[in-house]
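Engineer: Mind looking over this structure? Questions follow.
The values are calculated or read from the model by the stated rules, or taken from the named source; none is laboratory data. It should be emphasised that the depicted structure is a prediction, and the values quoted were computed from it without experimental measurement. Methodologically, a virtual Cβ is constructed for each residue, glycine included, from the backbone with ideal geometry; neighbour enumeration extends over all protein chains shown.
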């Protein structure tokens, strides 16, 4: 348990340049508090002490603003930055070295029983406000852009943006976890730019045709 806690603290220093000291991280980082509370609640959940597990979860939610169902399975070095509004569902499975930001939802899409929440593989980054919904898998080394809504499987080494989420990068090269989740590709913007260029070409051709007609007349 102490080794796991130490890894969680080290993860904060790796991902957050504003972290100044171990004491500061332990006392003031709500993401750390939520994760540690979840590890305790999850132990009770596995032993079928569901009420105690949910009680710990709700107390943690009250103090941190982060809701993690005690049934969720979370790997090592999980980092929640800021964290307010994060929701993680009961059957969600999260691998190692995963980072998520405020407002992220790892939720279900209905009232079905069984596996109904996402599986997040190792080394995934999910940016602010993103929603990953349903029993889908986000492959390792992938990035989910801010505000994206992901409803389908995400291959490994991919970058997903938009509503609904679209894979815009998948080249087999490991996506570096550099936290640069504000400069991601914009497929809709690219399409609009392409349309503008086509309209400019059409307008230019029309002007050239008009000039030719005037010369003939």
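Engineer: Among what's in region 46-68 and is farther than 16 Å from residue 98 by Cβ and touching a strand residue (DSSP E or B) at 6+ places or on another chain (Cβ under 7 Å), pick the residue that is surrounded by the most Cβ atoms within 10 Å (Cβ to Cβ).
Structural biologist: Filtering region 46-68 for residues that are farther than 16 Å from residue 98 by Cβ and touching a strand residue (DSSP E or B) at 6+ places or on another chain (Cβ under 7 Å), the one surrounded by the most Cβ atoms within 10 Å (Cβ to Cβ) comes out as 57.
Engineer: Taking region 1-45, which residues are out of contact with any helix residue (DSSP H, G or I) (no Cβ under 8 Å at 6 or more places or on another chain), buried (at least 16 other Cβ atoms within 10 Å of the Cβ) and not in a helix (DSSP H, G or I)?
Structural biologist: Scanning region 1-45 gives a single hit, 16.
Engineer: Consider region 109-126. How many of its residues are touching a strand residue (DSSP E or B) at 6+ places or on another chain (Cβ under 7 Å) and either outside any strand (DSSP E or B) or not assigned by TED's automatic domain parsing to the domain that holds residue 150 (or both)?
Structural biologist: 5
Engineer: Shifting gears a bit: Hey, residue 173 hits all of (1) modelled with pLDDT of 90 or more; (2) more than 19 Å from residue 103 (Cα to Cα) but one; which does it fall short on?
Structural biologist: (1)
Engineer: Let me ask something else about it. Considering every residue within region 86-94, establish whether at least one is out of contact with any strand residue (DSSP E or B) (no Cβ under 7 Å at 6 or more places or on another chain), surrounded by fewer than 21 Cβ atoms within 10 Å (Cβ to Cβ) and closer than 22 Å to residue 7 by Cα.
Structural biologist: No, the conditions are met nowhere in region 86-94.
Engineer: Related question: Against the condition part of a loop (DSSP other than H, G, I, E, B), modelled with pLDDT of 75 or more and on the phi > 0 side of the Ramachandran plot, how does residue 147 come out, does it pass?
Structural biologist: Yes: the conditions hold for residue 147.
Engineer: Here's a check for you: in region 118-149, which residue that is free of Cβ contacts under 8 Å to residues at least 24 places away in the same chain and within 14 Å of residue 103 (Cβ to Cβ) is nearest to the chain's Cα centre (by Cα)?
Structural biologist: 144
Engineer: Let me ask something additional. Collect the residues in region 46-86 that are closer than 19 Å to residue 125 by Cα and in a loop (DSSP other than H, G, I, E, B), keeping them in residue-number order.
Structural biologist: Correct list: 66, 72, 75, 76, 77, 78, 81, 82, 83, 84, 85, 86.
Engineer: Which residue, of 75, 83, is modelled with pLDDT under 95 and surrounded by fewer than 22 Cβ atoms within 10 Å (Cβ to Cβ)?
Structural biologist: From the options 75, 83, the qualifying one is 75.
Engineer: Assuming residue 102 fulfils every condition listed in (1) surrounded by fewer than 24 Cβ atoms within 10 Å (Cβ to Cβ); (2) within 15 Å of residue 74 (Cα to Cα); (3) within 13 Å of the chain's Cα centre (by Cα) apart from one, which condition is it?
Structural biologist: (2) is the only condition that residue 102 fails.
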